[in-house]
Amino acid sequence: MHPRPQGMPNQQRRDQEGEVFGREVDRLVRDFEERTLAPLQGHFGRLVYLASLRDYNTGRYRHYGLESRYAADVVDEGLRQCHIRVFEGLVALRLKEQTEDLLDFFESLKEEKARLVEAWQRLRSYQVLPPEDCHPLARELFDKNIEIMLRILRETDLWPLLHDPHRNADDLS
């Protein structure tokens, strides 16, 4: 008869705790995507909102409403996963679609569009939007695409063209 390894009960407990944690994170993600993210318009709207939930001092995500129903670690991990999903969805869009989405986001802010473009270029606040764990090349692509979009929007008057229902899509390609 061999003695039972000392670490087995602890490892089994950690495995069970990990499974429970994973299920709770999955439940939070579904809940958050359905109740909070789905009503938000566009990728940029969702991305800005998710980035605003991240504490820039600690990198942890905080949401007091969710923390009343879930453990803080579950909220942090669930919001981190949502942030990554939204970011990857945006980066996967063609540049034209990203530009249209950015314009829609700017329009939702009810601020003069030229002022928004100038502020985003000057402050480079968009650099806080990617999730911390994103791939460095995805971050670089995001930054370069934003710079291109802002330059196009600053140097041309595409606002009406992008929202004209009779526009020729080839004009933007």
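Dipole size of region 11-91 about its Cα centre, with +1 on Lys/Arg Cβ and -1 on Asp/Glu Cβ: approximately 160 debye, rounded to the nearest 20. Annotation note: chymotrypsin sites (Phe, Trp or Tyr not before Pro) in region 17-107 located in DSSP loop regions with a Cβ neighbour count of at most 15 within 10 Å are Tyr56.
Charge tally around Cys82: other residues with Cβ under 9 Å, Lys/Arg +1 each, Asp/Glu -1 each, net +2.
Inverting the pair-averaged 1/r between distinct Cα atoms of region 11-91 gives 13.2 Å as its Kirkwood hydrodynamic radius.
No lab work stands behind these numbers, since they all come straight from the coordinates. These figures come from a predicted structure and were not determined experimentally. Positions of Cβ are generated from backbone atoms using ideal geometry, with glycine treated the same way; all protein chains shown enter the neighbour counts.
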